[in-house]
Amino acid sequence: MLIDTHCHLSYEDYDNLDELIKNMNGIMIASGCNDKTNKEVLELVEKFDNVYGALGIHPEEIDNINEDSFRFIEENINNPKIVAIGEIGLDYYWVNDNKEKQKEIFKRQLELATKYNKPIVVHSREAIQDTYDILKEYKLKGSLHCFSSSLEMAKEFIKLGYKIGVGGTLTFKNSKKLQEIVKEIDINNILLETDSPYLSPEPFRGKKNNPSNTYYVALKISELKDIDIKEIIDITSKNAIQLFDLNP
Ligand code: NI
C-alpha cells in the first residue's frame, strides 16, 4: 500500500478531487498551509478514511494569519486523523527580508508540536542551515519534505531523528544530487510524497500531480537502489506508519 506523506488537496485545484482520493490505492497525508487550507484538510479527513491531515502555517503565509490561526491548529490537533503539524518551516527563496518573523512563526509551531507530541512536516528552501539550527534545539521527529539540500545535511537531519521526504523531483534529469542522496541513505530513512498538485514525476512532468503518482517516485527509488519496488513501497509505508502513527 502506497503512502503519500505530503500533498495538498483542495477542491480549488481539482475538479475531480473526490474521484482522485477514492482511486488512490493507499493513504495520503494532506497538508494545510494557511487558514483556508487547514479548514479544508479537516473536512477531508472527516470525509475520507484514507486521508489523514497535517495542520500548519507555511512560511510564505505568515502575513496572512492571526492569533485565530494558531488557535484553530491547537483546537484540532487532537483530532485522531490529524497526525502532524505541517507544512511549516523557512523559505528564503521568494522573500528573505522577513527571516526573523519566519523563524518566530516556525518556532511557535515547534512549541505546539512539542506540547502535543506530534511529528512535523518541514519545508526548507534556501534555508537549510537555519532550519537545522532551529530543529536541533527541539526533540521532535518528522519529515524534511521535498528535501533539496546536500547528502551531508541529509545525514545530519537523520541523526536528529528526521526522515527524508522524496517526491517527483527525484525523477527529473537534472536531479543528480537528490538521486545520489537516495542511493546513499538507508531506505528506512525515506518517505514517499508527491507535494501534489505540484512537481509531477516523470512521465507526467509539467502536468498536475496527484497522490497516485507516488508510485513513480517508488519506481525511481527502486531503480536507483536496485531493490524490488514492492519492497520499496512496503518499507517506506512502514516508515510513514511508524512516524505518523497511522492506523490503516
Ligand atoms: Ni507542500
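Taken together, the values in this text are just the output of simple stated rules run on the coordinates, not laboratory data. Note that the coordinates shown come from a computational prediction; the quantities given were computed from them, not determined experimentally. Note: ideal-geometry Cβ built from the backbone for every residue, glycine included; neighbour counts use all protein chains shown.
In the stretch 92-99 there is no residue that is surrounded by fewer than 23 Cβ atoms within 10 Å (Cβ to Cβ) and under 27 Å from residue 27 (Cα atoms). Per the conditions (1) among the hydroxyl-bearing types (Ser, Thr, Tyr); (2) part of a loop (DSSP other than H, G, I, E, B); (3) touching a Leu at 6+ places or on another chain (Cβ under 6 Å); (4) within 16 Å of the ligand (Cβ to nearest atom), the sole criterion not satisfied by residue 10 is (3).
Okay, residues lined up against (1) under 28 Å from residue 19 (Cβ atoms); (2) aliphatic (A, V, I, L, M); (3) in a strand (DSSP E or B):
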position: 72; (1), (2), (3): no, no, no
position: 75; (1), (2), (3): no, no, no
position: 85; (1), (2), (3): no, yes, yes
position: 113; (1), (2), (3): no, yes, no
position: 121; (1), (2), (3): yes, yes, yes
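Restricting the stretch 125-149 to residues that are under 19 Å from residue 200 (Cα atoms) and in a strand (DSSP E or B), the residue that is nearest to the chain's Cα centre (by Cα) is 144. Across the stretch 13-58, the qualifying residues are those that are hydroxyl-bearing (Ser, Thr, Tyr) and not in a loop (DSSP other than H, G, I, E, B), and the one among them that is nearest to the ligand (Cβ to nearest atom) is 31. For the stretch 162-176, the candidate set comprises residues that are surrounded by 14 or more Cβ atoms within 10 Å (Cβ to Cβ) and not hydrophobic (A, V, I, L, M, F, W, C); within that set, the residue that is nearest to residue 209 (Cα to Cα) is 168. Pairs, please: C-beta under 8 Å, at least 6 apart or cross-chain, first residue closer than 15 Å to residue 40 by Cβ and in the stretch 1-19, second of a type in the set (Phe, Trp, Tyr) and within 15 Å of the ligand (Cβ to nearest atom)? Note: pairs meeting the criteria are 8/198.
Candidates in the stretch 175-211 are the residues that are assigned to a loop (DSSP other than H, G, I, E, B), closer than 16 Å to residue 222 by Cβ and in contact with a Phe, Trp or Tyr (Cβ under 9 Å, 6 or more places away or on another chain); of these, the one that is nearest to the ligand (Cβ to nearest atom) is 201.
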